[in-house]
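See below for the structure under consideration.
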Amino acid sequence: MIKQKLTRFVQVLGLVVLLSAPMLAVPALSHAQSGPNLGLDQIQRDTNLPDWNVRQGSGADSVVLIITQVIKILLLIAGSVAILFIIIGGYQYLTSGANPDGAKKGKTTVVNALIGIIVIVLSYVLVTVVANLVSRNP
């Protein structure tokens, strides 16, 4: 019984790691597209870094970019916390044994974390769309 629950927990944990792997690969891919021999000095001189979207322009554009990046970082932190809650809820569910209250608590935690992830993704899309509309040059 415990072996089955432990196996299931490892499977869920592996799935979470597998699903979160693309988030870790995106920064590496964006720098890989810049060129294989891009040194640190050249990165510092570059005003169009792909990971921060820093570019020269009016003050309003800079403010929009800073606010957008802060919101995106906060959404990334919120997504990490939601994934942590999925792991915690899965652990609660798997270790509940014959206790139906523990299983219900674990299920509720996982469902709420999944709802949170959906809200975070929709918020990211909304922030990106609004930032593009505001910073668009007429």
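Derivation of every value follows stated rules applied to the coordinates shown; laboratory data play no part. In this text the structure is predicted, and so the values were computed from the model without any measurement.
Give the cross-link partners of K5 among the lysines, using a straight C-alpha distance below 26 Å as the criterion and excluding same-chain residues fewer than 8 apart.
K5 reaches K104, K105, K107.
Could you calculate the contour length gain from V121 to I67, that is, 0.36 nm times the residue separation minus the distance between their Cα atoms, to one decimal place in nm?
Numbers: separation 54, 0.36 × 54 = 19.44 nm, distance 1.75 nm.
Here the segment from V121 to I67 would lengthen by 17.7 nm.
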